[in-house]
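Read the figures in this text as sums done on the coordinates, not as results from a lab. Model, not experiment: these values are computed from the prediction. Ideal geometry is used to build each Cβ from the backbone, glycine not excepted, and the neighbour counts take in all protein chains shown.
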């Protein structure tokens, strides 16, 4: 699954750049995203669009809500590695992520914004995403988790779903 | 301690096996909540044991009671007192169901079982017995691996909607295990039971669905609501995220109250219409909701015009039978048949008048109406039709006859040359379609039913005449040829598979999903109680996922929609956050108009809003001298200067306000360019506590409170501002006022498809120039409707929505103030 949160790039370019990622391609618009209805209509041709209505939701909770909704009847479903991108991603970064995901089914990689500490990139290998405990992990995330809780939460995910040699 | 009776003790252990209560309380005669203890309750209620006997459901406990075992009643009482889920297992009392049905009991914090025993039973309050009595097995066994389908309707009666639902049940049963749910049963319940696996009858699905036996609603692959009588089933379906289609079998003209059309449309995943004619009546509502017509609706006629015929022998037999029933020899006379429950709607009176006219123009013709409803004591219709029939003559010796509904209808259609569909409005003209299948020509009024749908153009047996034109109908009937023998029509096709496939495809195509919750926790179907917060989130989320309009997710969403609009009105609307006015800044001069039809809250208003004292001029209008005197006394007590005027009771609060600006009124001259606040004490019939909350919402945002003013007065006094309103979390379209839009002339450009924002509740600040502009659009000589008026769709409802347009017409902006922490509902 590919989740682009408030993408910067024009949608045709985004589609062309990320077309190879396996699974459903999703755009998640946060509460503050100023996107017109017409723009959403355009996006729907190539992406599944999630619109989050809650004010000031952390990236991890956006991920939670997108994935759990995708897993409900009528949702697009979830399989394969998961790439979450907030804002933008270069072609080189995308290709690198795709290679890593294909090579390492248990990969868990995160990048945080230097200025604000917001999670801007998350890569989860297929073995993590398709583990039933991943859904449990997301379900148990409490409402009100802030960006400051993300690193700790991901550490928990790593502890429980990534084998330790 | 005495030894426990063995059977009672054993039952206690058996029923509570695995329940932690058993460890804490091995003896049902000890422990437990004191307020629910058996002995004190028996002291209060001498007939407690009899009351308990009436509730028992567990066969073991019932046997114990039947045997007269000493502690049987105490055992039952103790079990029920444990609450859910034990209570519902052993009795017809379920505390969870009781509290869901009676929220005031929950709010009072009293033990539900205690309340029921001491009060509820005497008051006739509902228990699980009502639901359980409404569960009926069907004749069709459930089959392993079969998909399950729920079909819900209002009443299982003889209505066209119920007949349609029954046909759908029969069709669905070919491929699905069908459960039928209805709000009330009638004598035709058995027909539904014969066709399905089970029937649930409940007038309160929202309360009862949680108490259904486990598994009843599991694994539903398809849910269909037939007719707006099924609206009560919306809430439990939405609350469980169960998708569904709604088959809208009525024109919106006839659906009252309005929410019975609004909510099915708002929440349906697929909205199905029986004809383009019905769909057209819903178009305004769908436009208000922002419907994706192509994606979310389907026109699927339940029946089609299938020209057919009747074998000669059958035709002759039918005519002979009718001759016998009517006591005359029909012979070769032209036979014109009409049918339906006698009513203005069915045009029974028009049929009779056509028969009257035919006495001179077509003396050979015989007119026969088949239907019930001729109740000569009913002022709804029967009294008038009885008088009419007596005056013009019907029955023996005349050309007009009436037979009651029943099997004779089949003979009538087989025998008839023509069917006169005199209906004024008919969403399901199935009898007329059956008449065509039986070889009849059909004469109908254009625009009255699906017979006018374009798909029927060119069918030579269908003759549409101008609406209500009896003369034209008579001419068309005279021109109808005699029926010739013919072959039966092709069988009607099943529509259920088409509907099921359409719903499946609709759900599979969903690619937009709303998540989280917005800024405003306001109810739609669900109550505003804290316990229902999650349900309210689900219902809003469903609306937003369908991208329809009911509640703004946020003021930002409204701003975005205004910015995206190219309407000349919307370009001059903005949303601002609420602020309290700084106490020391000079207050702009303003006048305040209060229309006081009801005076109950007047004293509270005068004390509760500083604006009444801060106004340069306060005018209070009312409709009687007695009220005016009462108002003056209130003003004196509050030591507030104000002028009180009596106005005719016409136009609710709107016309009294506009009249202040009419030169002819004789009121001291009103400055056209002054700033005015307009509020009112009008209370609609049946105002609930939520109505009071809404009023406080508006008054606080617009005026402030007892000591402070809202900054609305400053915004309103700014250059370029014409109107200030409260930003309402609920959206509203033109609604019933849409029917009057074409009559509005004098605006610089067409009105937008949706108003988006307007002062809902008709309380606002306005520059006098904006009021004068409204008067230009609706001058004093306008034909103002008098009371009683409808709840929607009048010129007053239109004016409420046109205030931003009036301001924009002068190049003035309208500002709506958002106060997120002010409860709205």
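Shown for B:776, B:163: other C-beta atoms within 10 Å of each C-beta, ranked fewest to most, produce the order B:776, B:163. In plain terms, if you count all Cα to Cα distances in region B:493-571 and split them into 5 Å steps from zero, the share in each step is 3, 13, 16, 17, 14, 14, 11, 7, 4, 1, 0 percent. Calculate the tail of P(r) for region B:544-640: the fraction of all Cα-Cα distances greater than 19 Å, expressed in %. Result: 62 percent of Cα pairs exceed 19 Å.
How big, in percent, is the set of alpha carbon pairs in region B:543-582 lying more than 11 Å apart? Roughly 70 percent, once rounded to a whole number. For region A:95-152 versus region B:700-779, the spacing of their alpha-carbon centroids is 49 Å. In region B:84-242, the C-alpha radius of gyration followed by the widest Cα-Cα span (Dmax) gives 16.5, 50 angstrom. What is the distance in Å between the Cα centroid of region B:560-631 and that of region B:97-167? Going from one Cα centre to the other spans 46 Å.
For region B:53-170, what D do you get in µm² per second when you plug the Kirkwood radius from alpha-carbon pairs into Stokes-Einstein at 4 °C and 1.567 mPa s?
Roughly 76 µm²/s, to the nearest whole number.
Translational diffusion of region A:101-145, estimated by Stokes-Einstein from the Kirkwood radius over alpha carbon pairs at 20 °C in a medium of 1.002 mPa s, is 179 µm² per second. Computed over chain A with a Gaussian network model linking Cα atoms closer than 10 Å, the most mobile of A:24, A:76, A:12 is A:12.
Its residue count N fixes a reference of 2.2 N^0.38 Å for region B:286-332, and the Cα radius of gyration divided by that reference is 2.37.
Where the alpha-carbon atoms of region B:149-194 are placed on the principal axes, they occupy 26, 16, 15 Å, in descending order. Panel order for A:18, B:622, B:299, by other beta carbons found within 10 Å of each beta carbon, from fewest to most: B:299, A:18, B:622.
Using the alpha carbon gyration tensor of region A:40-137, what are the three equivalent-ellipsoid semi-axes (square root of 5 times each eigenvalue), largest first, in whole Å? Can you show the working numbers first?
Working: eigenvalues 81, 68, 47 Å².
Its equivalent ellipsoid spans semi-axes of 20, 19, 15 Å.
Full extension of the segment from residue B:254 to residue B:299, taken as 0.36 nm per residue of separation minus the current Cα-Cα distance, would add 14.3 nm.
Take the alpha-carbon centre of region A:8-84, take the same for region B:178-208, and report the distance between them in whole Å. Result: 42 Å between the Cα centres. Roughly what % antiparallel, to the nearest 5, for the DSSP beta bridges in the protein assembly as shown? About 20 percent, rounded to the nearest 5.
Apply the a/c threshold of 1.5 to the C-alpha gyration tensor of region B:338-458 and tell me whether it is rounded, prolate or oblate.
Values: a/c = 1.62, a/b = 1.35, b/c = 1.20.
It is prolate, given that a/c is not under 1.5 and a/b is the larger ratio.
One quarter of the surface of the convex hull around the alpha-carbon atoms of region B:673-782 equals 8.8 nm², the direction-averaged projected area.
Shape analysis of region B:577-684 yields a ratio of the Cα radius of gyration to the Kirkwood radius, Rg/Rh, of 0.96. Computed on chain B, with alpha-carbon pairs under 8 angstrom and 6+ residues apart, the relative contact order is 9 percent.
Taken residue by residue and averaged, Cβ atoms of other chains lying within 10 Å of the Cβ of B:503-516 number 6.
Here the scattering of chain A is modelled by Debye summation over its C-alpha atoms, one equal scatterer each and no solvent; at q = 0.11 Å⁻¹ the log10 of I(q)/I(0) is -0.41. The spread of Cα positions in region B:34-93, taken along each principal axis and listed from longest to shortest, comes to 27, 26, 15 Å. Could you give log10 I(q)/I(0) at q = 0.10 Å⁻¹ for region B:298-399, computed by the Debye formula over C-alpha point scatterers of equal weight, without solvent? These q points yield log10 I(q)/I(0) values of -0.36. Note on the protein assembly as shown: helix-only mean residue ellipticity at 222 nm, from DSSP H runs of 4+ residues weighted -39500 (n - 2.57) and normalised by residue number, equals -10500 deg cm²/dmol.
Of the peptides B:798-809, B:743-754, B:262-273, the ranking by mean beta-carbon count within 10 Å, highest at the top, reads B:798-809, B:262-273, B:743-754.
Evaluate 2.2 N^0.38 Å with N set to the residue count of chain B, then give the Cα radius of gyration divided by it.
1.15
In this rough spin-label picture, where each label sits 7 Å from Cα along the Cβ direction, the residue B:378-residue B:111 distance is 5.0 nm. Plainly put, region B:372-524 has a radius of gyration that is 1.14 times its Kirkwood radius, both from alpha-carbon atoms, as the Rg/Rh ratio.
How would the protein assembly as shown be classified by its alpha-carbon gyration tensor: rounded, prolate or oblate, with rounded meaning a/c under 1.5 and the a/b versus b/c comparison settling the rest? Rounded is the answer for the protein assembly as shown, as its axis ratio a/c remains below 1.5.
Taking only the Cα atoms of region B:366-430, the ratio Rg/Rh comes out at 0.97, with Rh defined as the Kirkwood radius.
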